[in-house]
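Step one of this worksheet: look at the structure below.
The values are calculated or read from the model by the stated rules, or taken from the named source; none is laboratory data. This one's a predicted model, so the numbers in the text were calculated from it and none came from an experiment. Here the Cβ positions follow ideal geometry from the backbone for every residue, glycine too, while neighbour counts run over all protein chains shown.
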């Protein structure tokens, strides 16, 4: 059975109503840089599998020793090209072995690495985000696995003078360098010298995240942030040191959850990561199912939308369940609140099919906190719990209207935004706490040691015309729970209106429970037009309204989103979480329809 150490928290009460929370357990000594983990495991366990990626004829596998050899060669190639803080490395492709090798190579020789969401390159029509990011970074080298798939974006960066490196399908439209040419570089003493020169505050990565405007901003990630965060995690999960983790993971490496939390957890503890080419979307989740049937993870990480999409397959597929639970020790979710019905379905599967205890855990943080700021201290039975501050991290709880804003300070917190001082200054308060923009509430109002509950985004909340505040995050989760499994997500509208309305995104796979002839990959428009689905959702919302009669909770009207939410427009993150404010802006016409007498509006009793 996995054991978790008890956590305790020190609390400072201020007359202003502000509370400071910090972990009593001190943060232990952490390493100088990320790739010190790689050099350690390449010496201690050279033949152990580090990363595997599915290819047509099976899994392509690389060991720790193989990875270190490739990293030093690639590092030399970056040095030869005089890459550095003024000419960083930009990666456009999704997760894969080449991505891992190049990313580690950059960090090994002091070249900042900027992995970019592939959606900015593959779903965009104007490539404005890529152009904005390239102008901000001035990259010296840009990598894409497939020059054909990323041709439009590569054209933009090549015009700016960056060297383009590709793995396949170079077209000759613009000059490209073969990835193999970089791998064939002979190593000199310059690589070891660059590695030894790394300091904890050397920039390791620049991770781009979008605010409410949808314009990407580059979050500086130092080696100190990444290494201190993993030390805090090892203190929470000491079993990692004696049981190297095995992950089957799709979470994108251009995001902090997948690229810092999961990838670095594997690397720092000498584990193995199987790159999952699937994701929680129709047509892709089947790849995840296939992979999980072949590889049994010791821990599983996903976002709420991922669990919701995977659950029907787990409930129906005995082979998947047998492989998934064979050596699973913990189930972890983050990025958004997990609806309680989804939690309960997962717990039921664990109770029936796992031969050993499986812990349910969560955490909370952001790209700016590397990412972990809090962690549930013990396995929890309640969705929405985010736990207590981890070792080395302080939380500042500040009353804001009827909410409590949380701010963060510690070695895991970013020094700021890349070349955007106008954004860095306002992001921190007078005591150096990073302003997260999130709200929390105490699980037990008079006992902070019981931990915190996530309470939505401060910026998402709004007032009705009556002056009553609406807690968007809490309302969204309650609606999803009431309609589970029919909805994928909900956008809450009502700012300066008299009543609340919803823009609903149906879940085609879940709607099959009402209409068996609905395919899991059916379009949103096709599903939302079915009278049986509309009636079932209306019935569930009417039941919800009977116990939620306040104007800040009661749902009066609904329209259905018939076109998928767009990552490119900033409505949706790659992790599946809706940017409520951005989505309302992009769907302004639908909001107007919602508050009209249009026949497409579903009125809720």
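Limited to segment 4-38, what total is found for residues that are more than 30 Å from residue 203 (Cβ to Cβ) and assigned to a strand (DSSP E or B)?
6
Looking at segment 82-139, the helices (runs of 4 or more DSSP H) lying wholly inside it that each contain 1 or more residues that are closer than 17 Å to residue 38 by Cβ sit at 97-108. Of all the residues in segment 156-193, those that are touching a residue at least 24 places away in the same chain (Cβ under 8 Å) and within 31 Å of the chain's Cα centre (by Cα) number 10. Scanning segment 514-546 for residues that are without any contact (Cβ under 8 Å) to a residue 24 or more places away in the chain and assigned to a helix (DSSP H, G or I) yields 526, 527, 531, 532, 535, 539, 546.
Within segment 435-451, is there a residue that is within 30 Å of residue 410 (Cβ to Cβ), in a helix (DSSP H, G or I) and in contact (Cβ under 8 Å) with a residue 40 or more places away in the chain? Yes, because at least one residue in segment 435-451 is within 30 Å of residue 410 (Cβ to Cβ), in a helix (DSSP H, G or I) and in contact (Cβ under 8 Å) with a residue 40 or more places away in the chain.
Looking at segment 16-29, can you tell me whether even one residue there is modelled with pLDDT under 95, surrounded by 22 or more Cβ atoms within 10 Å (Cβ to Cβ) and out of contact with any helix residue (DSSP H, G or I) (no Cβ under 6 Å at 6 or more places or on another chain)? Yes, there is a match, as at least one residue in segment 16-29 is modelled with pLDDT under 95, surrounded by 22 or more Cβ atoms within 10 Å (Cβ to Cβ) and out of contact with any helix residue (DSSP H, G or I) (no Cβ under 6 Å at 6 or more places or on another chain). Taken over segment 63-80, the criterion of being buried (at least 18 other Cβ atoms within 10 Å of the Cβ) and closer than 29 Å to residue 158 by Cβ is satisfied by 67, 70, 71, 72, 73, 74, 75, 76, 77, 78, 79. Of the residues making up segment 549-563, those that are touching a strand residue (DSSP E or B) at 6+ places or on another chain (Cβ under 8 Å) and either in a loop (DSSP other than H, G, I, E, B) or at positive phi (or both) are 551, 552, 553, 554, 561.
If you go through segment 146-178 one residue at a time, how many are under 30 Å from residue 36 (Cα atoms) and surrounded by fewer than 20 Cβ atoms within 10 Å (Cβ to Cβ)? If you could, list the steps in order and put the result at the bottom.
The first filter runs over segment 146-178 and keeps only residues under 30 Å from residue 36 (Cα atoms), leaving 162-167, 177-178.
Okay, now just the ones that are also surrounded by fewer than 20 Cβ atoms within 10 Å (Cβ to Cβ), so 163, 167, 177-178.
Residues in segment 146-178 being under 30 Å from residue 36 (Cα atoms) and surrounded by fewer than 20 Cβ atoms within 10 Å (Cβ to Cβ): 4 in total.
Considering each residue of segment 46-55 in turn, at least one proves to be outside any strand (DSSP E or B), in contact (Cβ under 8 Å) with a residue 12 or more places away in the chain and in contact with a helix residue (DSSP H, G or I) (Cβ under 6 Å, 6 or more places away or on another chain).
If we keep just the residues of segment 569-605 that are under 20 Å from residue 128 (Cβ atoms) and not in a loop (DSSP other than H, G, I, E, B), which is modelled with the lowest pLDDT? Give the steps one after another, and end with the answer.
Step one: of segment 569-605, the residues under 20 Å from residue 128 (Cβ atoms) are 569-574, 579, 581-583, 585-588.
Filter again for not in a loop (DSSP other than H, G, I, E, B), leaving 572, 581-583, 585-586, 588.
Numbers: 572: 69, 581: 84, 582: 85, 583: 89, 585: 88, 586: 89, 588: 92.
Filtering segment 569-605 for residues that are under 20 Å from residue 128 (Cβ atoms) and not in a loop (DSSP other than H, G, I, E, B), the one modelled with the lowest pLDDT comes out as 572.
Within the option set 297, 339, being at pLDDT below 95 and buried (at least 18 other Cβ atoms within 10 Å of the Cβ) holds for one residue only, 339. Across segment 127-143, the qualifying residues are those that are free of Cβ contacts under 8 Å to residues at least 60 places away in the same chain, in contact with a helix residue (DSSP H, G or I) (Cβ under 6 Å, 6 or more places away or on another chain) and surrounded by 22 or more Cβ atoms within 10 Å (Cβ to Cβ), and the one among them that is farthest from residue 84 (Cα to Cα) is 130.
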